[in-house]
Amino acid sequence: MSHTLNHAWFHVVWSTKQRAPLIDTSCERLLYPYLEQRFEEQRCRLIALNGMPDHVHALVAPCLERAPSSIMQHVKGASAFWLNRKVGKKEFAWQTGYALFTVSPDAVKSVARYIERPKEHHRGIGLADELAQLAIQV
């Protein structure tokens, strides 16, 4: 076989440092397109991206030639640097680490819908509880 067939999808969640609510509406409008570009630079196909003031969700079909840790290091590092230097968002930082869940082919659409409506599934539930629920579903 001369080509690689990639049917791998990752649901990635990462938060702001100390889960501070740093991603307001004006920041979202700048940050999300920038994150999309960074994933594209890493040869990932971004399927869904959204979040809350203290964290971001992304559904990604990654380039299998790059480790997820390398992809996320680039995406998080470049975006924090850009927000601090170019946008002037003082003291913006991502928390160390991220949560990564594999997504089966038959669940891609439902995970994308989940990511597109963060405010619905965050009513009365914090990030830690959400991650615990996601881990149980996997």
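Values as computed for the structure displayed
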item: Residue in region 73-86 that is within 29 Å of ASP106 (Cα to Cα), surrounded by fewer than 17 Cβ atoms within 10 Å (Cβ to Cβ) and either over 16 Å from the mean Cα position of the chain (by Cα) or at pLDDT 90 or above (or both) present; result: yes
item: Output for region 49-71, where each listed residue is among the aliphatic types (A, V, I, L, M) and either closer than 15 Å to ALA8 by Cβ or surrounded by fewer than 18 Cβ atoms within 10 Å (Cβ to Cβ) (or both); result: ALA58, LEU59, VAL60, ALA61, LEU64, ALA67, ILE71
item: GLN37 farther than 20 Å from ARG117 by Cα, surrounded by fewer than 18 Cβ atoms within 10 Å (Cβ to Cβ) and at pLDDT 95 or above; result: yes
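The values are calculated or read from the model by the stated rules, or taken from the named source; none is laboratory data. Values in this document were obtained by computation on a predicted structure and should not be read as measured data. Virtual Cβ from ideal backbone geometry, glycine too; neighbours counted across all protein chains shown.
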